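Report on the following structure.
Each value in this text was obtained by applying a stated rule to the coordinates, not by laboratory testing. Since this is a predicted model, take the numbers as computed values, not measurements. With ideal geometry, Cβ positions are generated from the backbone for all residues, glycine too; neighbour counts draw on all protein chains shown.
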């Protein structure tokens, strides 16, 4: 604009130009639709961008797990083992599972707040693979799970956790945890869609997560529990997961637990993935 | 290369949809010719947004059928999605992301490779005057800029049918004019636009045809000219200096215009509808004569205007209730969701 300097810092006013609009409106050939994986990864990229712009949302995967590890190691360490350091060898895989499984509930809370906004209307009118928006969101969350697991591992190592399984065993353990958490996240996408508010999602999540994580083999050996409780603990998927992760990190293997946890994971994806998509399409 | 389409872009018959006890759509029929701007005019809670959401495949109707370019919105939703775009009432972009990121994200989802998506985003941002704001988060945009990025996102794939749900509500006049210009450019390129609005003048400015919606039904349909002539082409609004002269002014006006004169709640204001179908004089001639008569009668007029009938007046004429109370229905609807 030629007279821009004469006015006192007037912001340049947008004047829609027919020619400029004509250029962008000229219909080109429509590109082929992205593949299911491509679309999901693109939605995952959105999740990355949101972390970049709102890094505060990483608090729950950094501060929370650190507090969990410190609190329980020193709370129970002396009573349940000879020392916190001894207890940690048993406890760290368990608290890692507990923290990450608890963090999965943010998937539901995030979806519940996200879907209220207009952006999901746009996503749902795009001709892409339907579950992609949700799968991509969970891909983003998987990265958060990995981050939380690494933070816990770091704290554990600093406090004296020395896994016999070495790097490979620890990586395999975290891998199993991530697979389960990805599958378990579909429970929360479903609740995120059917419940009215963020608060109710949080309430339901807590009600499910506390028994699931505490009534397990995370903190103590199930053999110390009354029989009826052992019955629950033994079918609890978190117990299978902890057993598998613990075995892997200690350098042994527990094929039956691994099998159970993969079966549970498949079940969560099939059942809650289907329910989620049913609700998502009908909202 | 042109994808210009002929025939009907939208055909809807007897669409119904309820939320709990509230009937948002009570049997809507629509026929929208391709390549035009079609206005859905009505107050808040009339069912405009629900109709758009059904047609854009976001909501299933309880009854009735709707086709977009011949594809059923329920059974062939995916085919419909390939040809439409929606700009919702609330920003349909991610407010945490920047302008560029939003457009690149959507372009990638439409199948463009990364470099092509970047080019497309940059071109759209330039055409919409958002280049300077391209690296800013959308939540930091002004209302007008948000609308523009929203519409830019909607034409990424140059859709055959664009839904614009109250695109200018809450915008200042300049931003509103910008949006109007954009809509004109979009339709000039063969895209059909279904526009919902609460403002008659907006529908008048842009739409080739208008459907007036109330309580989930179409209560009138036609060109803007047809609709307005059904309620009279204009309204004279008058404000006097001295409230004591109002009875006198009422008589003079009535004599000059030959129509009933309404007294407004404001003690100096009067209102009369002119240019009714069937009278010989056009509205401006009638109004000019009335103004002359008032001056000769020694009545001091502070403010005199001849305007189009407002939505309220159209409503009063078409239904027998004003447009306003439907707001309460809107609240119920919101609650039902």
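Measure off 7 Å from each Cα along the Cα-to-Cβ vector at residue A:171 and residue B:188, then give the distance between these two points in nanometres to one decimal.
6.0
Please give the helix B:326-336 orientation as an angle from the longest Cα principal axis of chain B, in degrees from 0 to 90, rounded to the nearest 10.
Orientation of helix B:326-336: about 30 degrees from the principal axis.
Compute the label zone of residue A:70 within segment A:115-158: residues whose backbone N is under 18 Å from the point 7 Å along Cα-to-Cβ.
Residues A:148-158 qualify, since their backbone N sits under 18 Å from the label point.
Assuming R0 = 35 Å, can you tell me the calculated FRET efficiency for the pair residue B:78 and residue B:142, based on Cβ-Cβ distance, to the nearest 0.05? Spell out each step's value before the answer.
Numbers: r = 36 Å, r/R0 = 1.02.
Between residue B:78 and residue B:142 the formula returns 0.45.
Under the rule a/c < 1.5 gives rounded, and otherwise a/b versus b/c splits prolate from oblate, where does segment A:10-62 land using the Cα gyration tensor?
Oblate, because a/c is 1.5 or more while a/b does not exceed b/c.
Mind pulling the angle between the C-alpha long axis of helix B:173-188 and the longest principal axis of chain B? Nearest 10 degrees, somewhere in 0 to 90.
It is inclined by approximately 60 degrees.
Take every Cα pair under 8 Å in segment B:1-123 that's 6+ residues apart, average their separations, divide by the length, and report that relative contact order as a whole percent.
Worked out over segment B:1-123, it gives 20 percent.
Just need the relative contact order of chain B here, percent rounded to a whole number, with Cα pairs under 8 Å and 6+ apart.
Over chain B, the number comes to 21 percent.
Give, in nm to one decimal, the length gained when the segment between residue B:271 and residue B:289 is fully stretched (0.36 nm per residue of separation minus the Cα-Cα distance).
Computed gain between residue B:271 and residue B:289 is 4.9 nm.
Compare the peptides B:151-157, B:241-247 by average per-residue count of other Cβ atoms within 10 angstrom and give them in order, highest first.
So the peptides B:151-157, B:241-247, ranked by packing, come out B:151-157, B:241-247.
Averaged over peptide B:97-109, how many Cβ atoms belonging to another chain are found within 10 Å of each residue's Cβ?
5
Could you grab the relative contact order for chain A? Cα pairs under 8 Å, six or more apart, rounded to a whole percent.
24
At a Förster radius of 35 Å, what calculated FRET efficiency corresponds to the Cβ-Cβ distance of residue B:305 and residue B:62, to the nearest 0.05?
Once the sixth-power term is evaluated, E becomes 0.20.
To the nearest 10 degrees, how steep is helix B:246-257 against the longest Cα principal axis of chain B, on a 0 to 90 scale?
Roughly 80 degrees, rounded to the nearest 10.
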